[in-house]
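Here the structure comes first, spelled out in structure tokens, and everything after it is commentary.
Any read-out appearing in this document is the output of simple, stated calculations on the displayed coordinates, not a laboratory observation. The shown structure was predicted, so the numbers you read here are calculated from the model rather than taken from an experiment. Cβ: placed from backbone, ideal geometry, glycine included. Neighbour counts: every protein chain shown.
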Amino acid sequence: MAVHSSDEISDMAKTILIILVFSCAVYFVVCLFYILFQEKFIFVPFWRKRRDGLSTLATRHDEIFIRGVEGGELHGVHIRIDRPRGCILYFHGNTGDLSRWAPIAEEFTSFGFDVIVPDYRGFGKSKGKRSEEILYSDALMWYKETAERFAEERICIYGRSLGSGVSVWLAARVRARALILETPYDNLINVAHRHAPFIPAARFMRYTFRNDMEIRNVKCPVLIAHGTKDKIVSYRLAFRLYRIAKEHTETVMVSVPGGRHSNLNGFPVFRLGLTDFFDRYYPRIFRDDADTGRVVSGRA
């Protein structure tokens, strides 16, 4: 049996202590990094394509500028078609501004809709202080702007990825006809935990977007679409949101086998799910209301 001297034991203890202190210091620095720069991970205004996406739109469109709370300047675009069956208020994902998202949102005109797409503060031409509560306030202002142009029963709130956070909150407080969530999450805490499980996200995250709580107050029909191979927001989180939602309102889950975070539009099952949902809740236009100037929907 080997016998260690007291000096050897003391040296070993010092070495172990140094390793522990160093490990704790590294962990503290990593946590501090995530705490200080969390908004840089959540909101990524710039995208690899920097040209103005509005200039590439093939559809007639108008830019919208409105004033937000605390001096915010909000910018969005209204993409128009003739005789729309309704309007989609589209809250986009976390990466890129309207230069990226306006052409993506334009695709919904093929379903017979106008689309209004706002940028979050710090994205594109939208400016001002940003917080979770302020983003909720901005979402409500964009809804009111949309409701001035379309009757509420013809508005569809659409949340893509990060945008599902403001969309669910908004749908719980207004009377839109329906809510669609593409690649959503139950809450941002669980998304953060999946990517950095060693970080106590629940303790320091300034943006939590608790869709799992807000969805309980949504009364309109809901469609949730998610790819089974999504590596950004796990399919499991979206399915958990679906299980909660269906206990409180009519909810459809469109699962896309092999779908990832940004390619659902390329799958027929996704487009078919949207078509069925739109046909059920947004009948085609058949006449104009001369008194109000609004288009009244009904089955052709």
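The table that follows gives values for the structure above.
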| quantity | calculated |
| --- | --- |
| Built amide H within the under 5 Å cut-off of Gly96, gap 5+ | Val44, Phe46 |
| Least to most buried among Asp119, Asp212 (fewest other Cβ within 10 Å first) | Asp212, Asp119 |
| Backbone HN-Hα couplings from phi across segment 218-234 [Karplus 6.51/-1.76/1.60, Hz, Gly and Pro as x] | 7, 10, 7, x, 10, 10, 10, 10, 7, x, 6, 10, 5, 9, 8, 10, 4 |
| Rg(Cα) / (2.2 N^0.38 Å) computed for segment 46-297, rounded to two decimals | 0.97 |
| Per-residue HN-Hα couplings for segment 94-103 [Karplus 6.51, -1.76, 1.60; θ = phi - 60°; Hz; x = Gly/Pro] | 8, 10, x, 9, 4, 4, 8, 7, 4, x |
| Backbone HN-Hα couplings from phi across segment 243-256 [Karplus 6.51/-1.76/1.60, Hz, Gly and Pro as x] | 4, 6, 4, 5, 7, 10, 7, 5, 9, 10, 10, 9, 8, 10 |
| Residues with amide H under 5 Å from that of Thr228, placed H, sequence gap 5 or more | Val256, Gly258, Gly259 |
| Amide H contacts of Val252 (H built 1.01 Å from N, under 5 Å, at least 5 apart or other chain) | Val222, Leu223, Ile224 |
| Spin-label pair Val69/Leu20, simplified geometry with 7 Å Cα→Cβ offset, distance in nm | 4.7 nm |
| Centroid-to-centroid separation of segment 110-185 and segment 226-289 [C-alpha atoms, Å] | 17 Å |
